[in-house]
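The values are calculated or read from the model by the stated rules, or taken from the named source; none is laboratory data. Please read these numbers as outputs of a predicted model, since none were measured by experiment. Because the Cβ atoms are built from the backbone with ideal geometry, glycine has one as well, and the counts that use them run over all protein chains shown.
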């Protein structure tokens with residue numbers, strides 16, 4: 001039997017983060033931080049609205065009207081985008097789902113908040129790098145220095161595996177298999193693991209990186225570390241990529257001013273696989289997408305496939321022939 005929890009805001013918040021997000025859903029650290037920031041902003045807003053500190057707020061004071069006022073505050077005072085507003089709302093709704101489960105007295109309050117819809121947003125096209133641009137970025141680090149060799153290995157790893165930043169910086173030496181078949185074990189969202197193949201060149205680069213640091217291939221030592229030998233952070237990866245893009249832009253002016261993030265490397269691999277004729281289901285498995293709908297966004301963004309389709313339409317030799325039934329039973333039905 002589930003022990004009834006005290007219906008105080010503090011207890012519900014603690015159980016939401018410690019039990020629901022971490023223990024039950026296996027949320028990543030990045031998700032926990034995003035939800036924490038959203039709820040912190042909401043409670044600060046509620047505190048000012050009620051004229052009392054957050055610790056004295058009652059659950060019944062966090063009603064639907066207050067949530068709607070907070071969402072307006074995000075857009076009008078904080079100038080958040082609609083997408084950010086929806087992310088904040090998702091965190092609040094997730095918390096009140098937990099409230100409805102843990103505190104029967106709060107079900108009515110939670111239902112009214114859960115009924116708040118997200119705003120429709122304009123769907124952005126996936127940004128990706130063309131092969132010459134990607135090669136210029138990979139060539140940017142100075143491989144005559146240890147940090148340059150690390151930067152090159154990291155960028156090559158992101159480009160060839162399509163790993164998320166959290167997955168890349170989370171890789172330990174023991175999760176690499178640098179003998180045939182070369183592969184890496186990645187830890188994705190919700191604790192889901194997947195194995196991604198490694199080409200010979202990236203396997204050789206990673207082995208040289210570990211050998212240079214004297215790291216055993218069966219150890220739990222991080223593969224990508226900073227100058228102090230600590231595991232690289234998301235911010236550190238972004239800094240490395242930004243520096244490489246700045247250098248590459250000197251020979252590829254088209255990179256100047258573009259918003260290129262580590263996730264752009266992931267998108268670039270997906271587009272490369274798609275244009276090479278790899279099936280969507282394989283790309284979905286490779287990237288660790290929970291839904292094929294997420295993978296389908298690359299089809300919508302692939303201008304090269306659309307151009308080839310247009311060329312076929314404009315080619316009279318490619319016009320389809322009239323349908324002819326190939327079976328005598330079907331031929332009979334067609335004749336009726």
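What the table below lists for this structure:
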read-out	value
Any chance residue 149 is part of a helix (DSSP H, G or I) and not assigned by TED's automatic domain parsing to the domain that holds residue 13	yes
Any chance residue 139 is in contact with a helix residue (DSSP H, G or I) (Cβ under 9 Å, 6 or more places away or on another chain) and surrounded by fewer than 21 Cβ atoms within 10 Å (Cβ to Cβ)	yes
Residues of the stretch 93-106 satisfying the condition of being modelled with pLDDT of 90 or more and touching a helix residue (DSSP H, G or I) at 6+ places or on another chain (Cβ under 6 Å)	93, 95, 96, 98, 99, 100
Filter result for the condition that a residue is within 22 Å of the chain's Cα centre (by Cα) and closer than 27 Å to residue 272 by Cα, over 208, 163, 139, 203	163
Out of 290, 227, 259, sole residue that is in contact (Cβ under 8 Å) with a residue 40 or more places away in the chain, out of contact with any helix residue (DSSP H, G or I) (no Cβ under 9 Å at 6 or more places or on another chain), surrounded by fewer than 18 Cβ atoms within 10 Å (Cβ to Cβ) and not assigned by TED's automatic domain parsing to the domain that holds residue 30	259
Test: residue in the stretch 115-131 that is more than 30 Å from residue 24 (Cα to Cα), part of a helix (DSSP H, G or I) and at pLDDT 90 or above	yes
Condition check for residue 148: in contact with a helix residue (DSSP H, G or I) (Cβ under 7 Å, 6 or more places away or on another chain), closer than 30 Å to residue 259 by Cβ and surrounded by fewer than 17 Cβ atoms within 10 Å (Cβ to Cβ)	no
Subset of the stretch 23-42 [in contact with a helix residue (DSSP H, G or I) (Cβ under 7 Å, 6 or more places away or on another chain), without any contact (Cβ under 8 Å) to a residue 24 or more places away in the chain and over 29 Å from residue 65 (Cα atoms)]	none
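Table: residues versus (1) more than 30 Å from the chain's Cα centre (by Cα); (2) under 17 Å from residue 112 (Cβ atoms); (3) surrounded by fewer than 21 Cβ atoms within 10 Å (Cβ to Cβ).
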residue: 55; (1), (2), (3): yes, no, yes
residue: 58; (1), (2), (3): yes, yes, yes
residue: 68; (1), (2), (3): no, yes, yes
residue: 84; (1), (2), (3): no, no, yes
residue: 88; (1), (2), (3): no, no, no
residue: 95; (1), (2), (3): no, yes, no
residue: 99; (1), (2), (3): no, yes, no
